[in-house]
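One structure is given below, encoded as C-alpha cells.
The values are calculated or read from the model by the stated rules, or taken from the named source; none is laboratory data. In this text the structure is predicted, and so the values were computed from the model without any measurement. Counting neighbours? That spans all protein chains shown, and the Cβs are built from the backbone with ideal geometry, glycine included. All accessible areas refer to the heavy atoms of the entire protein, side chains included, with ligands and DNA or RNA removed. Shrake-Rupley method; radii C 1.70, N 1.55, O 1.52, S 1.80 Å.
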Amino acid sequence: QVQLVESGGGLVQAGESLRLSCAASGSTRSFRVMGWYRQAPGKQRELVARIATYGTTTYADSVKGRFTISRDDAKNTVYLQMNDLKPEDTAVYYCNVNTWSSNTYWGQGTQVTVSS
C-alpha cells in the first residue's frame, strides 16, 4: 500500500506562484508514472502533468509554459511548480502514482485557490 501526502496548496493572487509537493511512503523508483490531476467544482478530474520513471513529462495544454513537474527519488517526492497562476487554475490538486504492477494510488488532495 502506497500513501501519498500532498502539501503546498493555498490562496494566492493571479500571477503568483505555488509549489505543490507529494511525499510517497514507498520508493519513487518503483513508480512507473507520477502525476498531478486537478478537479474544479462541477468539473471532471483532469490531468495537469505527469512524469515517467526516466523523466519523460506530459502537460495539459492549459498549463504548458507555466507549470513544471519534477521528482526527487532521493526524497520519494514529486513536485509541481506553478507559476503565473490564473483564476481558472483554482481546483483541488491530487497526486497520483501508477506502479510497475499496475496499481494506482491517489493522495487526499490539496486546495489551490487563485483570486483575480
Just how many % of Cα pairs in the chain lie over 24 Å apart, if you round to the nearest whole percent? 19 percent
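How much length would be gained if the chain were fully extended between Asp61 and Ser27, taking 0.36 nm per residue of separation minus their Cα-Cα distance, in nm to one decimal?
9.3 nm
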Run the quick spin-label model on Gln13 and Gln108: label points 7 Å from Cα toward the beta carbon, then report their separation in nm to one decimal. 3.1 nm
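Please compute the contact order of the chain in relative form: average sequence separation of alpha-carbon pairs under 8 Å and at least six residues apart, divided by the residue count, as a percent.
Relative contact order comes out at 37 percent.
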Accessible surface, the chain, averaged per residue in Å² (probe 1.4 Å): 53 Å²
Between Lys43 and Asp84, how many nm apart are label points set 7 Å from Cα along the C-beta direction? 1.8 nm
Neighbour cut-off at most 15 other Cβ (10 Å), DSSP loop, chymotrypsin sites (Phe, Trp or Tyr not before Pro), the range 59-116: Trp100
Contour excess over end-to-end distance, with Cα ends at Ala74 and Ser116 and 0.36 nm allotted per residue: 11.4 nm
Can you compute the charge dipole magnitude of the chain about its Cα centre, using +1 on each Lys and Arg Cβ and -1 on each Asp and Glu Cβ, nothing else charged? Give it in debye, rounded to the nearest 20. 240 debye
Which one, Thr77, Gly107, Val33, is farthest towards the positive end of the dipole of the chain when Lys and Arg carry +1 and Asp and Glu -1 on their Cβ? Val33
Using Cα-Cα distances under 8 Å and only pairs 6 or more residues apart, what relative contact order does the range 63-103 have, in percent? 29 percent
